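Below: one structure, written as structure tokens.
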Amino acid sequence: MTKKLRITVEGKAYDVTVEVLDAGVAAPVAVAAPIAPAPVAAAPAAVAAAPAPKPAAAPVAAGAGDVTSPLAGKVDSVDVKVGQAVKEGENVVTLEAMKMKTYVTATVSGTVKSINVNAGDSVEEGQSLITIG
């Protein structure tokens, strides 16, 4: 039997399908009276949650002339510099995801106006990597 579930990890929701292996194995449980929910106690002040990790730089939204990331991954290298002339189809950024390199190419010819990421940055799909004007 399979079951669809939604799992949220670090604020991102993932829809997954799981296979239930022990379906029908559990013994039936008889309940004589309704079960009241257990009271929820506040966490002691001495036990503080670990500080949240420092957020990465906010992704830059894509606009006209932007070359965007085709996938979520890590920037392996930025292969151009601000002010450099590029031609459509020329490699501008190299990404790594799942131990595979992806070469991101210029979508238009022009001059690199800004570089919105650095080597080692994590990027999301659709995030602006560079701007060509």
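Quick note: the coordinates plus some simple rules give every number you see, no bench work behind them. Please read all numbers here as calculations on a predicted model, not as lab measurements. Reconstructed Cβ throughout: ideal geometry from the backbone, glycine too, with neighbour counts over all protein chains shown.
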Given Cβ point charges of +1 (Lys, Arg) and -1 (Asp, Glu) and nothing else, what value in debye, to the nearest 20, does the dipole of the stretch 68-131 about its Cα centre take? 120 debye
The value for the stretch 67-115 (convex hull of the alpha-carbon atoms, volume per residue, Å³) is 63 Å³
Would you grab the residues whose amide H sits under 5 Å from the one on Asp76? Only those 5+ places off in sequence or on another chain, please, with H modelled 1.01 Å from N. Thr94, Leu95, Glu96, Gly120
